[in-house]
Amino acid sequence: VAFAPVSIPGTACNSPSGQGAVEAIDGTVSSKYLNFDIAKTGFTVYPLITNIPVRAVSLISGEDSPERDPASFALYGSPDGPRFPLQDRTPVPHFVARGAIQSFDFENTNTYAAYKVIFPTVQDPATANSMQIAEVGLLPYGDITSSNDALALSLPAGASLSGTAGSTNALLDRLLG
């Protein structure tokens, strides 16, 4: 987690015990945030570090029920607490496996005192009984943009990095130059 949170209130208290919003940013994929509200679920993060802009969001899928995975996310930043302007809204493709990670980068130079992460939709709202996400990362760096970029990858225990042959090869080509 790039930003150690001070607190993480959820959008609603409709989660089972031990699966509340705080589980979304606890540094492990062995827990998850689950919300029975299904749509427009999420949480607000008040990070300890507020002088670094968020330039990417990483998501790690929960351990079961792919229909519960987010199909989109929206990130809002607040300079003062009550106002949350939209920073990014992005569709989330299907995760390739349980415990898999996806990252989404965007342009941003603003710093905020609080961030709101909302999951407007899930992968299959017709069959999902909730929304789930194992881990969310608010990151100060974006995508690798050249073959000379450095990369340090640290995944939480139980997470995996995987993809299709084409995307894995393209990622390795970008990483190795």
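The values are calculated or read from the model by the stated rules, or taken from the named source; none is laboratory data. Since the structure is predicted, the reported quantities are computational estimates derived from the model, not experimental observations. Don't worry about glycine lacking a Cβ; one is built from the backbone with ideal geometry, like all the others, and counts go over all protein chains shown. In case anyone asks, the SASA skips ligands and DNA or RNA and just uses the protein heavy atoms, side chains included. Shrake-Rupley method; radii C 1.70, N 1.55, O 1.52, S 1.80 Å.
Of everything listed in (1) on the phi < 0 side of the Ramachandran plot; (2) modelled with pLDDT of 70 or more, the single unmet condition for LEU176 is (2). Go through the stretch 129-142 and give me each residue that's open to solvent by 20 Å² or more (accessible area, probe 1.4 Å) and either at pLDDT 95 or above or of a type in the set (Val, Ile, Thr) (or both). Within the stretch 129-142, just ASN129 meets the criteria.
Condition (residue is among the aromatic types (Phe, Trp, Tyr), open to solvent by 40 Å² or more (accessible area, probe 1.4 Å) and under 14 Å from the mean Cα position of the chain (by Cα)) applied to the stretch 23-36: is it met by at least one residue? No, the stretch 23-36 contains no residue that is among the aromatic types (Phe, Trp, Tyr), open to solvent by 40 Å² or more (accessible area, probe 1.4 Å) and under 14 Å from the mean Cα position of the chain (by Cα).
Based on what the data block shows, is ALA126 among the hydrophobic types (A, V, I, L, M, F, W, C), under 17 Å from SER31 (Cα atoms) and surrounded by fewer than 19 Cβ atoms within 10 Å (Cβ to Cβ)? Give the derivation first.
Working: among the hydrophobic types (A, V, I, L, M, F, W, C): yes; under 17 Å from SER31 (Cα atoms): no; surrounded by fewer than 19 Cβ atoms within 10 Å (Cβ to Cβ): yes.
Criteria not met by ALA126.
Got a sec? Which of ALA39, ALA114 is touching a Ser or Thr at 6+ places or on another chain (Cβ under 8 Å) and open to solvent by less than 40 Å² (accessible area, probe 1.4 Å)? Only one candidate passes the filter, namely ALA114.
For the residues PRO79, PRO66, PRO91, PRO70, the requirement of being touching a strand residue (DSSP E or B) at 6+ places or on another chain (Cβ under 6 Å), free of Cβ contacts under 8 Å to residues at least 60 places away in the same chain and not acidic (Asp, Glu) singles out PRO91.
Residues checked against (1) among the basic types (Lys, Arg); (2) at pLDDT 90 or above; (3) assigned to a loop (DSSP other than H, G, I, E, B); (4) within 21 Å of LYS40 (Cβ to Cβ):
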site	(1), (2), (3), (4)
VAL54	no, yes, yes, yes
ASN110	no, yes, yes, no
ILE144	no, no, yes, no
ALA150	no, no, yes, no
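Number of residues in the stretch 61-78 that are surrounded by 19 or more Cβ atoms within 10 Å (Cβ to Cβ) and in a loop (DSSP other than H, G, I, E, B): the value is 4. Candidates are the residues of the stretch 85-108 that are touching a Phe, Trp or Tyr at 6+ places or on another chain (Cβ under 8 Å) and in a loop (DSSP other than H, G, I, E, B); the one that is nearest to ILE60 (Cα to Cα) is VAL92.
Filter the stretch 79-94 down to the residues that are buried (at least 20 other Cβ atoms within 10 Å of the Cβ) and either at pLDDT below 95 or more than 13 Å from the chain's Cα centre (by Cα) (or both) and list them by number. Hit for the stretch 79-94 is GLN87, nothing else.
Condition first: more than 10 Å from GLU135 (Cα to Cα) and either among the aromatic types (Phe, Trp, Tyr) or under 15 Å from the mean Cα position of the chain (by Cα) (or both). Now tell me which residues in the stretch 48-59 satisfy that. Those that are more than 10 Å from GLU135 (Cα to Cα) and either among the aromatic types (Phe, Trp, Tyr) or under 15 Å from the mean Cα position of the chain (by Cα) (or both): VAL54, ARG55, ALA56, VAL57.
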